[in-house]
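The values are calculated or read from the model by the stated rules, or taken from the named source; none is laboratory data. Keep in mind that what you see is a predicted model, and the values were worked out from it rather than measured. Counting neighbours? That spans all protein chains shown, and the Cβs are built from the backbone with ideal geometry, glycine included. These accessible areas exclude ligands, DNA and RNA; they are computed on the full protein's heavy atoms, side chains included. Shrake-Rupley method; radii C 1.70, N 1.55, O 1.52, S 1.80 Å.
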Amino acid sequence: MKAVVIHEHGEVDKLRIEEVETPSTAPDEVLIQVKACALNHLDLWVRKGVPGQRMPLPMIPGSDISGVVKKAGSFVKGVKTGDRVVVAPGISCGRCAACLNGHDNLCASYGIIGENRDGGCAEFVCVPGVNVLPIPGKLTFNEAAAIPLVFLTAWHMLTARAMVRPGEDVLIHAAGSGVGSAGIQIAKLLGARVIATAGSDAKLKKARELGADETINYRKLDFYEELKKITHRSGVDVIFDHIGADTWDKNIRSLKMGGRLVTCGVTSGYEVATDIRYIFFRRLSVLGSTMGTRGELIEIMRMVERGALKPIIDSVFPLAEIASAHKRMQERKTFGKIVVNP
Ligand SMILES: [Zn+2]
């Protein structure tokens, strides 16, 4: 089969398209013919490498996969050849206390398909049978692939971690990102007033179409000052961040009494200074979040099927143009997900 293989970390020239063996399936696994694979910021980290983190190489990247089941192992239940499926990207042991308490994302051996085992930037992928979900309704393969990682991340951040309540003010940074465009929809679904930031007016227009009530162009205006106006100086209840150093200090100062800052990543720097007085005087909570549970993804798919959440696709590339897809992601001009088709 054809696959994108990363042998060493580096720039886009490290994304090599090669002919490799089609993976063989264990009895508890499923072989999927990949129809679509969406990219995430994670793909950039897998390609570039992360200081202090060893990743297994060579690696086929790609965490958000949809396709058709070609073969289901003898131990796999509820999945058969020919099924249209989408893949839950999180891998866990299935038998530790965290897994059995429904917190599989807290499993000590938690990993992600496309980071810790071969992913979907290939013609075929082999995944555990328990990670396979049916594609709801009339959703296309590209739409289905655009859902799992970002919706799971945003859902877990806003529901399980920040516990957003109806009527609260929620600031969603970087509305054009995959996780931001999911976050706007989920916060809206939870009954919040959604304030979104983005670096262009065109992105802000799309953010409003997704449900954002207020928008801030962070290239033209200071989001801290704008939030004071929007909230009449009271601050926001929840801030949804994956920017890091560029937004941290103003995030802390923008939260109201009892406010929660939930973070799932950094696209700017990861080292910040914090004035701890804000944390205790205002009784703030700083919440870390990575991915979510497999059960949450089932809940998300139900909301997608009902039309309450919708995947947002920025662009579609053939697998052969994986380097161009990565470049587009790096340019930060996207709104929604970049999808590749083998
Ligand atoms: Zn476990």
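Fully extending the segment from Asp275 to Glu21 would add 86.1 nm, taking 0.36 nm per residue of separation and subtracting the current Cα-Cα distance.
Here the chain has an Rg and Dmax of 19.8, 61 Å, counting Cα atoms alone.
Looking at region 249-342, the chymotrypsin sites (Phe, Trp or Tyr not before Pro) that sit in a DSSP loop and have at most 13 other Cβ atoms within 10 Å of their own Cβ are Tyr270.
GNM on the chain, alpha-carbon springs under 10 angstrom: the most fluctuating residue among Thr231, Thr247, Thr293 is Thr231.
Rounded to the nearest 0.05, the FRET efficiency derived from the C-beta distance between Phe75 and Ala108 at R0 = 35 Å is 0.90.
Please state the shape class of region 175-296: rounded when a/c is under 1.5, otherwise prolate if a/b exceeds b/c and oblate if not, all from the C-alpha gyration tensor. Rounded, since a/c falls under 1.5. Relative to its Kirkwood radius, the Cα radius of gyration of region 91-200 gives an Rg/Rh of 1.01. Reducing region 70-113 and region 306-333 to their Cα centroids gives an inter-centroid distance of 25 Å.
For region 1-82, applying the loop criterion from DSSP together with a ceiling of 13 other beta carbons within 10 Å to the GluC sites (Glu not before Pro) yields Glu8, Glu11, Glu21.
Measuring spread by the Cα atoms of region 1-137 yields a radius of gyration and Dmax of 14.9, 43 Å. Listed by chain and number, the lysines whose C-alpha is less than 19 Å from the C-alpha of Lys228, apart from same-chain residues fewer than 8 away, are Lys220, Lys250, Lys256.
Within region 158-174, which residues have the backbone N less than 14 Å from the label spot 7 Å out from Leu44 along Cα→beta-carbon, could you tell me? From region 158-174, the list is 174.
The 1.4 Å probe gives accessible areas that order Ser74, Ser63, largest first, as Ser74, Ser63.
Hydrodynamic radius of region 229-342 by the Kirkwood approach over all distinct alpha-carbon pairs: 17.1 Å. The spread of Cα positions in region 83-133, taken along each principal axis and listed from longest to shortest, comes to 35, 23, 12 Å.
Compute a Gaussian network model of the chain, connecting alpha carbons closer than 10 Å, and tell me which residue from Glu209, Glu226, Glu331 fluctuates the most. It is Glu331.
Rolling a 1.4 Å probe over the heavy atoms of the protein chains gives region 104-159 an accessible area of 31 Å² per residue. For region 165-226, what class follows from the C-alpha gyration tensor (a ≥ b ≥ c being the square roots of its eigenvalues): rounded when a/c is under 1.5, otherwise prolate if a/b is larger than b/c, else oblate? Taking the square roots of the gyration eigenvalues as a ≥ b ≥ c, region 165-226 is oblate. Helix-only arithmetic for the chain: the sum of -39500 (n - 2.57) across DSSP H runs with n ≥ 4, divided by the residue total, places the mean residue ellipticity at 222 nm at -7000 deg cm²/dmol. Note the count of lysine pairs whose C-alpha atoms are less than 18 angstrom apart in region 1-155, limited to pairs 8 or more residues apart or on different chains. Summing the qualifying lysine pairs gives 10. The heavy atoms of Ile184 offer some 0 square angstrom of accessible surface to a 1.4 angstrom probe. The trypsin sites (Lys or Arg not before Pro) of region 27-66 that DSSP puts in a loop, and whose beta carbon has at most 12 other beta carbons within 10 Å, are Arg54. Rounded to 0.05, the FRET efficiency of the Ala97 and Lys220 pair, given R0 = 45 Å and the Cβ-Cβ distance, is 0.35. Counting only protein heavy atoms, what percent of the accessible surface of region 179-276 is carbon or sulfur at a 1.4 Å probe? Carbon and sulfur atoms account for 51 percent of the accessible area of region 179-276. The HN-Hα couplings worked out from phi for region 309-315 by the Karplus form 6.51 cos²θ - 1.76 cosθ + 1.60 (θ = phi - 60°) are 10, 9, x, 10, 9, 7, 7 Hz, whole numbers, x standing for Gly and Pro. Overall, the chain carries a charge dipole of about 840 debye about its Cα centre when +1 sits on the Cβ of Lys and Arg and -1 on the Cβ of Asp and Glu, all other atoms neutral.
Using only alpha carbon pairs under 8 Å that are at least six residues apart, calculate the relative contact order of the chain and give it in whole percent. This gives 18 percent for the chain.
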